[in-house]
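The values are calculated or read from the model by the stated rules, or taken from the named source; none is laboratory data. Note that the coordinates shown come from a computational prediction; the quantities given were computed from them, not determined experimentally. Positions of Cβ are generated from backbone atoms using ideal geometry, with glycine treated the same way; all protein chains shown enter the neighbour counts.
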Amino acid sequence: MRQFVKGNPDLCIGCRTCMIGCVVEHEGRRIFEIDPDGYDFNPKLHVVKTAKVSVPVQCKHCENPACMAACPVGCIKVINDAVVIDQKECIGCKSCMQACPFGVIDVISQVGTSQSDGSKRVVANKCDLCVGTGNGPACVRVCPTEALKLVSEEAMQESVQKKRVATAEAAKAIADAMAD
Amino acid sequence: MTENMSCYVLCDPNKCTGCKACELACFAEHNKENNDVAYTVGTVTIPVTPKLYLTKTEKYCMPVQCKHCEDAPCLNACKKHAIYRDENKQVIVDQSKCIGCKDCVMACPFGAISILPVSDNGAVLLQKDKECVKAASKCDLCTGIEGGPACVRVCPNEALRLVDLNEEQLAKSIATANSLYDSRLS
């Protein structure tokens, strides 16, 4: 199973540090020291705030990604076990955005690029688990309340195994009660 | 009391020896038609994907499987509506709709769901990028299969049984009423 980052709404205070951390990691420049118009602020996760909840939402890195199946140019790929959009190949058709049931794919305008009519290229954007940076997801590292967690395959399996053992223990109690 | 509660298979850990006959029967029964799995190992050309999971604790073991909850957390968690309740109130995964997002795995408090490869025509299904298709795999009570749950049928120790609480609850409550009646003079 692929790993993914999961937000905890009980811990999230909605400060959006994760979004900034994401941009800093992917921009590769010191964004606080450059002209705000010199780069685009395109985080790959978004803090959702409603009357009930505040929590960042981001890609689940599905096993059979609906976005990947919907992409007509094949620019959504699995790299190092993360579902990643190759923005150089993306044509901005928004099919992936429509296919994703979680609302975690955005289309963004890319700074420093242009189409034949002179407008900026607009491409799909979503969490890539910070593959290739070697540091792991930036959002997880920067969250001041530790509301974000990287859920690994091992952690997932360990949690399922714990639940199975608890289920077995409960079944044992039921069997014993019925034997009495 | 709710009418028409869903049924489920429950194991008696005092009888289970951990032989995994249930897992194999489950796999064989569900892959008989589409993947030509028959009675011998040689007919198996695909990964073994059961819908119940033998679990060992320090003292005993038993297969863990879906309880077909009345307010199913997996069904409520599935954004693709790939988990539905059929006419018998059983909770069923439509693997063709599943995108493998793992939400149901996390939502299930029993650990009764795994994400496993999907096969058809004797081979693992592949996605566009040639990775295998994976989907949530959990007990469907052998819906549509003659003879009912295969796990129950094959268990050599009769450790598994199909629990129908509609009947059991009625029998228990009648027994309780009878005992009240029997003891009314004392």
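Somewhere in segment A:161-168, is a residue more than 14 Å from every other protein chain (Cβ to nearest Cβ) and modelled with pLDDT of 95 or more? No. In the set (1) under 30 Å from B:Gly100 (Cβ atoms); (2) touching a residue at least 12 places away in the same chain (Cβ under 8 Å), A:Thr50 fails one condition alone, (2). Being at pLDDT 90 or above and of a type in the set (A, V, I, L, M, F, W, C), is that true of even one residue in segment A:24-41? Yes, segment A:24-41 contains at least one residue that is at pLDDT 90 or above and of a type in the set (A, V, I, L, M, F, W, C). In this structure, does B:Thr45 turn out to be outside any strand (DSSP E or B), within 14 Å of chain A (Cβ to nearest Cβ) and more than 22 Å from B:Val163 (Cβ to Cβ)? So B:Thr45 does not fit the description; no.
Once segment A:39-61 is narrowed to residues that are among the hydrophobic types (A, V, I, L, M, F, W, C) and in contact with a strand residue (DSSP E or B) (Cβ under 7 Å, 6 or more places away or on another chain), the residue that is nearest to A:Val83 (Cα to Cα) is A:Cys59. Taking segment A:49-74 as the range and being away from chain B (no Cβ under 14 Å) and closer than 15 Å to A:Lys126 by Cα as the test, only A:Pro56 passes. Within segment B:114-155, the residues that satisfy the criterion of being under 19 Å from B:Arg85 (Cα atoms) and more than 8 Å from every other protein chain (Cβ to nearest Cβ) are B:Ala136, B:Ser137, B:Lys138, B:Cys139, B:Asp140, B:Leu141, B:Cys142, B:Thr143, B:Gly144, B:Ile145, B:Gly148, B:Pro149. The residues of segment A:131-142 that are out of contact with any Ser or Thr (no Cβ under 6 Å at 6 or more places or on another chain) and either closer than 17 Å to A:Arg16 by Cα or within 7 Å of chain B (Cβ to nearest Cβ) (or both), listed by number, are A:Pro137, A:Ala138, A:Cys139, A:Val140, A:Arg141. Among the residues of segment B:10-35, write down those that are charged (D, E, K, R) and in contact with a helix residue (DSSP H, G or I) (Cβ under 6 Å, 6 or more places away or on another chain). Matches in segment B:10-35: B:Asp12, B:Glu29. The requirement of being in a helix (DSSP H, G or I), under 22 Å from B:Cys101 (Cβ atoms) and hydrophobic (A, V, I, L, M, F, W, C) is not satisfied by A:Met1. Filtering segment B:131-179 to residues that are β-branched (Val, Ile, Thr), more than 18 Å from the chain's Cα centre (by Cα) and in a loop (DSSP other than H, G, I, E, B) leaves only B:Val133. Out of A:Ile20, A:Ile85, A:Ile105, A:Ile76, one residue alone is in the same structural domain as A:Cys139 (by TED's automatic domain parsing), of a type in the set (A, V, I, L, M), crowded, with 17+ Cβ neighbours inside 10 Å and modelled with pLDDT of 90 or more. It is A:Ile20. Restricting to segment B:84-106, give me the number of residues that are away from every other protein chain (no Cβ under 11 Å) and among the aliphatic types (A, V, I, L, M). Count: 3. May I ask you to verify whether A:Thr145 is within 17 Å of the chain's Cα centre (by Cα) and assigned by TED's automatic domain parsing to the domain that holds A:Asp10? No: the conditions fail for A:Thr145.
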